[in-house]
Structures are given as C-alpha cells and as structure tokens.
1. Could you grab me the full set of residues in the range 109-145 that are surrounded by 14 or more Cβ atoms within 10 Å (Cβ to Cβ) and among the aromatic types (Phe, Trp, Tyr)?
2. I need the full set of residues from the range 64-86 which are in contact with a Phe, Trp or Tyr (Cβ under 8 Å, 6 or more places away or on another chain), surrounded by 13 or more Cβ atoms within 10 Å (Cβ to Cβ) and without any contact (Cβ under 8 Å) to a residue 60 or more places away in the chain, in order please.
3. Go through 282, 276, 247, 231 for me and flag whichever is at pLDDT below 80 and either touching a helix residue (DSSP H, G or I) at 6+ places or on another chain (Cβ under 6 Å) or within 22 Å of residue 114 (Cβ to Cβ) (or both).
4. Only helices (runs of 4 or more DSSP H) wholly contained in the range 196-244 count here; list those with 3 or more residues that are surrounded by fewer than 20 Cβ atoms within 10 Å (Cβ to Cβ) and without any contact (Cβ under 8 Å) to a residue 40 or more places away in the chain.
5. With (1) farther than 24 Å from residue 134 by Cα; (2) over 22 Å from the mean Cα position of the chain (by Cα); (3) at pLDDT 80 or above as the list, and residue 226 as the residue in question, which single condition is left unmet?
6. Please go through the range 146-173 and give me each residue that is more than 22 Å from the chain's Cα centre (by Cα), surrounded by fewer than 16 Cβ atoms within 10 Å (Cβ to Cβ) and in a helix (DSSP H, G or I), ordered by number.
Amino acid sequence: MPIYLAKRFGLAVLVAFCVSILAFGLLRLQGNAAGALAGEGASAEDLAIIVETYGLDRPLIVQYASWLGDVLRGDFGTSYFFKSPVSDLIFDKIGNTVILAIMSLTIALAISIPLGVLAAVFSGSWIDRLCSLVSLLGQALPSFFLALCLVMLFAIKWRMLPASGAESWRHFILPAVTLGYYITPPFMRLVRAGMIDALSNDYVRTARAKGLPAHRVILKHALRNALVPVVGLVTVQLGLLIGGSVVIESIFALDGLGYLAYQAIGYRDFPVLQAVVLLLSVVYVVLTLLSDIVNAWLDPRLRVS
C-alpha cells in the first residue's frame, strides 16, 4: 500500500507541475505578451513600461520560477480588470462553484441509482430500455440547450424559479439539475452493471433461498456491493463538475469560478484566468488521487497490481 500511494502521489505532483507550466504559458501563447497586456493601440513607451513592470525581459525560466514561487505562497497577482488580488476574487467565488457541484452530484446520484437498480432487476425488458433511454438523454442533449429549455419553462413561462444569480438556494436548482442530469449516464451504467453482477452471485441466491423479501435482497445485499465502484467515480465526477461548470455558470450568471473564468476571457484578465485554470486543474488532480486511494482501499487487487 505505501508503494502504491507513493507512486500515485508522485504522478499527481508531476501532473500538477505540468499544469502549472501550461497555466503560466497562457499569457505567453499570445506571442507578444506585452502587447497582449497593453491592448491594441499601445505606444512603444507603454510597451516598454509593461515589459519593465512585469519583468517580461527576463528569461522564461526565471519568470516561471518567480511566478510559481508567488503561487505557492498564495499570491496569484492582481486582476487587471477588477483591480483586486486574484486570491480574494477566487475566495469569494469558489463557494458558489462548490455548492453547485455538490448539488449536481446529489441530483445525479438520486436519478442514476434508482434507474440503475430498476434496469438491472428488469434486465433486458422494456423497463431496462426505458431507464437507459432516460439516462442517455442527459448526455445526448447539449448542456446549454437543456439549460435554456429549463429557463424558458421554469423561469419564464411558469415563473417558479429564478433564471440567474446566486442570492439563495433556489438560484442553484436549475443549474444543478442541468449538470446533474448531464453526468447521470456513467453512474447509471455503473450501478446497472454492478447490480447485474451482484444479483448473480451466490450470496444473493442464498439470501433468496432463505426466504428474505425481494426488496431486502436487492437493497441490502446486492445494492450495497454494487455501490462500491461508484465511490471512486464520485470523486472524479466532482472534480469534473468543479472544473467544467463554465458554460452553465455563464448561462445562469451564477457568480462562481466558472463565471469568473468567462469574465476573465472577455476582459483579457490573464492573472485571473491563469489562477482559475491552475486551481481547477489541481483540484481535479487531488480528487483523482483520492479516488485512486479509495479504490485501492476497497479493492486490494489494485494494490497488488
């Protein structure tokens, strides 16, 4: 186990290091970094001031080392547009993104587990096909299209829920349903496959032979074992939700990290964009590492391999 953990931790650190290089290169990919910062129509004197202020005349490796040192101390620089420390902006916005991710994950599990159980119990029947269809529609429909449909129905036509903002928990319902429905299929398929495998095992047949009620056999004996691999998928999907909510937060004007990244792109606010990309990538790497650890703890075969 310690060797396995050391290998996974080393790989996570390596991936995080590569992500930091990519985040640092966001501004440099523009070619002329000083021109990108100054904007169109900047004079030669303005460009010279920017080069001197931000040390763009130094070797790239020196600039990267200086930037990475500041990041490790929690200093992501100052926003060009908002004129405030980037770390303060991220601290103010990250709560909404985390709330949205947790609500979306809860909705996805609430949909996928019952559908997966029904599809497995009635495997091969029209119920199985219907459950699979309902699940797959979530991934087949573009998330922005589903979001707009929900806004038109629940916010504009029926006026049941707000269409934008983050003032109360009601503002999170529509974006959470959109994201939760979108990630339902992988959970549903995993639960269905696990249930089909569990229902064919000897301990389930023994429980049935003892005369236990069908619902108790399904929920207590089969489902408990079928949910083991779902634990690992939860951490991975949570990372995807935190890092992939840019479109949904922009549609619903939900004031989170995704919406902040969208604003940073529009305003060419590179320090904010660098920080958001780096932070979300590192969060995903950490959650993936936790998923590997949980899976190794639950399944000793992974540690041996």
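1. Within the range 109-145, 122 is the sole residue that qualifies.
2. Correct list: 64, 67, 68, 85.
3. 231
4. Values: elements: 202-209, 223-226, 228-243.
Output list reads 202-209.
5. The single condition residue 226 does not satisfy is (1).
6. Residues satisfying the conditions are 149, 152, 153, 156, 157.
The values are calculated or read from the model by the stated rules, or taken from the named source; none is laboratory data. In this text the structure is predicted, and so the values were computed from the model without any measurement. A quick note on method: Cβ atoms are made from the backbone with ideal geometry, for glycine too, and the neighbour counts reach across all protein chains shown.
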